[in-house]
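The values are calculated or read from the model by the stated rules, or taken from the named source; none is laboratory data. The shown structure was predicted, so the numbers you read here are calculated from the model rather than taken from an experiment. Here the Cβ positions follow ideal geometry from the backbone for every residue, glycine too, while neighbour counts run over all protein chains shown.
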Amino acid sequence: MAMFPDSGVPPGDAKNSLPDVNTMDCDELWYSTSRCQPRFDPAAANAMLAEDMNLIMRGELVYDCLRLDHIERAVRYISQRGLTTGVTLTGGPFDYAGMMSPVLTRYNDYLTLIVIPVQRNQGAVRINIDGFGLVPLLRNDGRQLESDDLKAYIPSLISYWSGNWYHVGMVQSQVPIVIKGEVDIWIRTDGNDITGDGSANSPDKAFKTINGAWNRVGARYAATPLFTMNMRLGIPGTYAGSSLGPFGGRVTLRGDVTNPSGYRLSSIHTGNGVFCNLIPQGMSAFECFGLTFVRDVGPPYINHCIWGEMSTVDLHQCNFDSAVANGNSTYVQMGAGVFRTRNGDYYFDGNNLPIGALFRGKEGAVIFCGGNNDQTLPPPRFFFRNNPIQSAAWISTTLSVCTQISNGIHGSIINSNNSGVRYSVDRNSVLTALESDIPGSSTGAVATGGQFVNST
């Protein structure tokens with residue numbers, strides 16, 4: 001019945017018919033073109049009118065008896081309004097579901113939808129349309145989406161191909177933001193690296209770790225001379241260390257210069273048996289304010305509080321503390337970069353736990369342990385206390401230049417119960433300092449073109 005006439009004939013007896021169509025609950029009969037007197041079936045004709053009117057009404061048109069283009073316009077209006085491709089995505093923030101009208105028949109290549117998520121994503125995304133199963137949604141470079149690539153109630157165009165959805169066009173994680181001024185990124189010990197975005201100093205907004213913040217935010221902004229990224233530790237506590245870089249702009253890590261001991265950094269494994277509090281790599285301008293770096297990993301591992309490579313690192317009123325004995329550890333090691341202290345107080349507490357070296361510069365590094373005459377802070381003071389030094393307090397090797405200020409108007413050195421060799425300089429490197437001010441109990445050594453300049 002429906003559009004097929006009860007009085008009809010099989011396809012072979014009717015011109016312009018289809019030989020094999022899919023039907024349900026009716027016979028595939030057509031109007032005969034071989035009879036002398038073809039039969040007309042009003043019910044079938046009415047069904048055709050009903051089918052046409054449903055299409056016209058779905059196109060939100062009122063039938064005008066003076067026009068003959070209603071179906072053509074209805075099809076274009078349905079397409080124009082996105083009624084067959086628009087999908088609201090519920091769920092999230094990782095797995096989403098959507099229902100289409102009409103219901104999807106299958107996932108097929110080239111299927112393209114406009115989706116509206118009701119919740120922003122917080123990482124890799126999968127989408128299930130009409131119960132056909134979860135399918136990954138990838139960026140247009142084939143990588144997983146990152147947090148905030150899908151915005152709540154903001155349309156996204158996605159297309160299906162070969163078992164994956166793809167976001168058509170770039171997403172936020174692919175486009176660095178160019179910004180002037182400063183941006184604060186908050187980190188707290190009670191934050192969350194998955195759900196946090198760093199926008200506020202609160203448990204629900206802050207990141208939990210420095211690494212979590214850097215991995216999410218470090219690539220978000222374009223590095224320019226006019227931009228500073230401030231990573232702020234929101235509450236006192238012990239924070240896991242981090243590997244940062246490369247980055248061409250200014251980055252700061254801030255605790256509290258009035259309470260450095262309240263903001264402590266522990267070591268993380270960087271590979272090959274090395275543990276560090278911070279590893280700046282390729283950082284053009286990295287500054288730390290009011291932090292305590294903790295030497296907390298013992299043998300057989302290597303443990304550096306700061307291990308900088310091809311970076312410029314400045315400290316403002318920071319401390320170093322020792323929790324374990326380790327002859328393979330240093331407070332500061334720099335390779336092919338620059339390390340400087342600024343005005344303020346700096347404590348290097350060994351707690352009578354052996355340490356390999358206090359400072360090591362290698363591969364063309366520059367280490368300056370002094371101040372910058374910042375009038376807002378007193379001249380720098382360096383407190384070296386209870387450090388049993390196993391190698392040498394200062395090691396300058398492989399074309400490196402190291403400087404420790406001497407006691408005077410530009411700052412002061414306060415040594416207390418430090419033992420071991422004061423310095424080792426070799427391979428065409430230089431160390432400048434007043435020997436009596438260098439921590440340790442015995443003179444140092446120079447070799448292979450090294451120079452020790454005993455400043456006055």
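Assess whether residue 412 counts as being hydroxyl-bearing (Ser, Thr, Tyr) and out of contact with any Ser or Thr (no Cβ under 6 Å at 6 or more places or on another chain). Lay out the reasoning, then the answer.
On the way: hydroxyl-bearing (Ser, Thr, Tyr): yes; out of contact with any Ser or Thr (no Cβ under 6 Å at 6 or more places or on another chain): yes.
So residue 412 fits the description; yes.
Find the strands (runs of 3 or more DSSP E) located wholly in segment 153-271 whose residues include 2 or more that are in contact (Cβ under 8 Å) with a residue 40 or more places away in the chain, hydroxyl-bearing (Ser, Thr, Tyr) and in contact with a Ser or Thr (Cβ under 7 Å, 6 or more places away or on another chain), and list them. Please lay out each step first, then the result.
Working: elements: 156-161, 164-167, 181-187, 227-233, 237-240, 242-244, 247-254, 263-266, 268-271.
Counting at least 2 such residues, we get 237-240.
Of all the residues that make up segment 49-96, how many are outside any helix (DSSP H, G or I) and of a type in the set (Val, Ile, Thr)? Full working, then the answer.
Residues of segment 49-96 that are outside any helix (DSSP H, G or I), as a first pass: 59-69, 81-96.
Among the residues that remain, those that are also of a type in the set (Val, Ile, Thr) are: 62, 84-85, 87-88, 90.
Summing the residues that are outside any helix (DSSP H, G or I) and of a type in the set (Val, Ile, Thr) in segment 49-96 gives 6.
Please work out if residue 384 is at pLDDT 95 or above, within 24 Å of residue 325 (Cβ to Cβ), in contact with a Pro (Cβ under 7 Å, 6 or more places away or on another chain) and among the aromatic types (Phe, Trp, Tyr).
yes
Going residue by residue through segment 188-198, is there one that turns out to be polar (S, T, N, Q) and at pLDDT below 90? Don't jump to the end; show me each part of the working.
At the first step, the residues of segment 188-198 found to be polar (S, T, N, Q) are 189, 192, 195.
This time we only want the ones that are at pLDDT below 90, so: 195.
The answer is yes; a qualifying residue exists.
If only one of 261, 242, 266 is surrounded by 18 or more Cβ atoms within 10 Å (Cβ to Cβ) and among the hydroxyl-bearing types (Ser, Thr, Tyr), which one is it? Can you show your working first?
Numbers: 261 fails: surrounded by 18 or more Cβ atoms within 10 Å (Cβ to Cβ); 266 fails: surrounded by 18 or more Cβ atoms within 10 Å (Cβ to Cβ).
The conditions single out 242.
Just to be sure I understand, how many residues within segment 316-339 are more than 28 Å from the chain's Cα centre (by Cα) and more than 16 Å from residue 301 (Cα to Cα)?
The total comes to 4.
Quick one: would you say residue 143 is surrounded by 13 or more Cβ atoms within 10 Å (Cβ to Cβ), free of Cβ contacts under 8 Å to residues at least 40 places away in the same chain and among the basic types (Lys, Arg)?
So residue 143 fails the test.
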